[in-house]
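This report refers to the structure that appears directly beneath it.
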Amino acid sequence: KKLTIILISFFISFFLMIGLSFFCMERFNTYANYSDLMDHTNLIINNIYQAELHLKDISLNERGYMLTKDSTHKKHMYDAFDSVKNDIEDIEKLIIDNPIQQKNIDILQDSVEMRINAAKTNIFNFDTAHNYAFSKFLDSRQLQRACSRNLKKIHNIEDKLLAERFKGEQVYLELTTKTLSYIMLIFCLVTLILFIILLKELTSRIKYQDELQAKVIDLKRSHTELEDIAYVASHDLQEPLRKIQVFSNMLIYMKQNNIEDDSIETLKKINSLSNRMQILISDLRNLTSLTKIDELKANIDLNRIIQYIVIDLDDEIKEKNVDIEIQNLPVIMGYENQIKILFKALFNNSLKFIKNDAVPKITISGKIVDGQLLNEVNSNLKNKKYYMITFVDNGIGFDNQYMNKIFHMFQKLHSNKAGFEGKGIGLTISQRIMANHEGYILADGQPKLYASFQLFFPYQG
């Protein structure tokens, strides 16, 4: 639940930050656009100023030449003609996206062309005529004023645009600044909230870890106590049982003539039960000993292990005429002594539950599989690989509804009256050994048909 809250908080803050960042970028882009527009307008205004200055140069040099006949003024005037034309061309390129200004620039070009032609005519007439009429000069002055008015009109429009764009730039500058401030504030708040949640979670985990450490210590103490109990069971309890067996045997064989038949049968039962209890204690000792691993892992050829078990159980296998088939068994990493105990327990289980109406058969095969087969055990194993060893017999089988029960200690699916002896601990030992190998054991069966055990050892490829 806490992890869900942390993840939800993270994603909310993440998408919130992304949204605010895009919003801030949009504001910044708009601000940058207004800045570019202002630079564009300032460039137009600067060209307008240049055009005004060059128009004034035309008028000044025209008048200066007519007063002094200094050819320098005439040269400067013609230079001013080219300059003002260039200025107007630059302005025209810059206002190409403004239809109103395009109309104004067309009018300006016409008036400037008329002003230039008038100046040229005045200079020509002044140079060639003996009595020059200054009324023509006054007409050119009127054209000069017309050009100035047209430039002023264009200038006023650009000044208005500049003011609007400056206002927009200031507005978006303020919005961008505020947005950045809000983003920093929200980021700090979200970070603080997540830090508090993570701090609480970390504190909780540290507390849980301390509690877990205390429980581990208690578990180790309990484990030590269980080892002591197992030691007592394997040594101190077996001695009284041996004496019970000895004394009962002494009574049977030494005093049998003086004891009634019913009493002899009772003594035999006592002897049999004490022997059974002794074997049970021995198995319990074996089970508890599996919690301690006193050997190193090594490569184990399962074919060799099975051959060893078959030789060890040779008498019983031949007596019951069991057909054993071994198919493609791999080499695994494991504890050899435990693997021997494991397969011997499986063989004993199969030999114990043989049917009388069929030829007994045990089939052992192996292959590499995906952990998907262990999905019901742990879904996190689906990406791992395992050696799957299948151990199948055609004995009395079992109902799958008892599949988990058969691995519990002292749990038997058949009563002693059914004629199947057993202590209900062999498969418990098998499961413990598979756990020691970081593996798993599953069971499958059908009553009166078969029993199958699947052993999953970690793949070492």
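Brief remarks follow.
- Only protein heavy atoms count here; under a 1.4 Å probe, Lys160 has an accessible surface of about 130 Å².
- When both segment 328-361 and segment 156-173 are represented by their alpha-carbon centers, they are found 92 Å apart.
- When His40, His155 are compared by accessible area at a 1.4 angstrom probe, the order from most to least is His40, His155.
- In the context of the full set of protein chains, segment 1-125 has a per residue accessible area of 59 Å² (1.4 Å probe).
- Of Lys56/Lys152; Lys85/Lys120; Lys215/Lys297; Lys318/Lys352; Lys93/Lys152; Lys220/Lys384, pairs whose Cα-Cα distance is over 23 Å: Lys215/Lys297; Lys220/Lys384
- Neighbour net charge for Ala358 - beta-carbon separation under 13 angstrom, K R +1, D E -1: +1
- At a probe radius of 1.4 angstrom, the accessible area of segment 347-406 per residue rounds to 55 square angstrom.
- Gain on full stretching of the segment that runs from Asp159 to Lys200 - 0.36 nm per residue minus C-alpha separation: 8.7 nm
- Ranking by accessible area, most exposed first, for Lys56, Lys344 with a 1.4 Å probe: Lys56, Lys344
- Residues whose amide H lies under 5 Å from that of Ile324, counting only those 5 or more places away or on a different chain, are Ile362; hydrogens are built 1.01 Å from N in the peptide plane.
- Counting only protein heavy atoms and a probe of 1.4 Å, the accessible surface of segment 1-55 is 72% carbon and sulfur.
- Rounded to whole Hz, the Karplus (6.51, -1.76, 1.60) HN-Hα couplings of segment 70-85, x for glycine and proline: 7, 5, 4, 4, 5, 5, 4, 5, 5, 5, 5, 4, 5, 5, 5, 5
- Shape analysis of segment 1-148 yields a ratio of the Cα radius of gyration to the Kirkwood radius, Rg/Rh, of 1.47.
- Accessible surface ranking that places the most exposed of Met77, Met277, Met333 first, with a 1.4 angstrom probe: Met277, Met333, Met77
- Accessible-area composition of segment 167-218, carbon plus sulfur, in percent [1.4 Å probe]: 72
The values are calculated or read from the model by the stated rules, or taken from the named source; none is laboratory data. Please read these numbers as outputs of a predicted model, since none were measured by experiment. We place every Cβ from the backbone using ideal geometry, glycine too, and count neighbours over all the protein chains shown. SASA here: full protein model, heavy atoms, side chains in, ligands and nucleic acids out. Shrake-Rupley method; radii C 1.70, N 1.55, O 1.52, S 1.80 Å.
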